[in-house]
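Written below as structure tokens is the structure these notes are about.
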Amino acid sequence: MATVTFRDETATGKPLTAWEVTGVPERVTVRELIRLRVREEVARHNARPTHRFHGLVRPDDAETELNGYRLREPRRIDWERQAEIAESAFLANGFFMLAGERQVEDLDEIVDLTVDPDLVFIKLVALVGG
């Protein structure tokens, strides 16, 4: 089993957040890694629901804010629904993921965590009027 580090960065490489998850299989698909990440961040939110959700993708009925999303009221979030949103966002280039120094481009691509234990997520922001 491996330890994976999930890291969020800006498009210019500025670190935003990072955390580790242990007990992950050494070889895992990009889809499974995205689902793992989403499940972990939703579990953290659901342990103490607030008006703000700090996660990879926007929950249903939430507004985008600087470095997070504002919920209309504190509530629990369904991690499986969030994982579906994240998979769709990945396919639509809403964010991209780097495993080590390389960009992964397919949900079914295998990542060897013994070689690339650091995963970087970079959210892409749509330009206003563009």
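Could you provide, to the nearest whole Å², the per residue accessible area of the chain with probe 1.4 Å?
60
Over the chain, with every protein chain in place, what whole percent of the accessible area is carbon and sulfur at 1.4 Å, could you tell me?
49
In terms of modelled amide H atoms, which long-range or inter-chain residues lie less than 5 Å from the amide H of Arg75?
The answer is Thr50.
Taking all protein chains together and a probe of 1.4 Å, list Trp19, Trp79 from the most accessible to the least accessible.
Trp79, Trp19
Consider just the alpha-carbon atoms of the chain and return their Rg together with their Dmax, both in angstrom.
Just the Cα atoms of the chain yield Rg and Dmax of 14.4, 46 Å.
Give me the distance between the Cα centres of region 25-48 and region 59-74, rounded to whole Å.
That distance is 19 Å.
With every protein chain left in place, what is the accessible area of Met1 in Å² (1.4 Å probe, nearest 10)?
Near enough 150 Å² of accessible area.
Return the distance in nm (one decimal) between the two label points of a simple spin-label model at Arg48 and Phe96, each offset 7 Å from Cα along Cα→Cβ.
Output for this residue pair reads 3.6 nm.
In square angstrom, rounded to the nearest 10, how much accessible surface does Arg102 have for a 1.4 Å probe?
Approximately 90 Å² of Arg102 is accessible to the 1.4 Å probe.
Among Ile110, Ile77, Ile85, what's the order by accessible area (1.4 angstrom probe), most exposed first?
Ile110, Ile85, Ile77
Only loop residues by DSSP count here, and only those with at most 10 other Cβ atoms within 10 Å; note down the GluC sites (Glu not before Pro) in region 1-105 that meet that.
When the GluC sites (Glu not before Pro) of region 1-105 are filtered for loop state and at most 10 Cβ neighbours within 10 Å, Glu101 remain.
Whenever you get a sec, line up Asp8, Asp112 from highest to lowest accessible area (probe 1.4 Å, protein heavy atoms).
Of Asp8, Asp112, the descending order of accessible area is Asp112, Asp8.
Report the accessible area of Lys14, computed with a 1.4 Å probe over the heavy atoms of all protein chains in place, in Å² rounded to the nearest 10.
Ignoring ligands and nucleic acids, Lys14 comes out at about 120 Å².
The values are calculated or read from the model by the stated rules, or taken from the named source; none is laboratory data. Computed from a predicted model, the values in this text were never measured in an experiment. Glycine also receives a Cβ, built like all others from the backbone with ideal geometry; neighbour counts cover every protein chain displayed. Quick note on the areas: whole protein, heavy atoms, side chains included, nothing else; ligands and nucleic acids left out. Shrake-Rupley method; radii C 1.70, N 1.55, O 1.52, S 1.80 Å.
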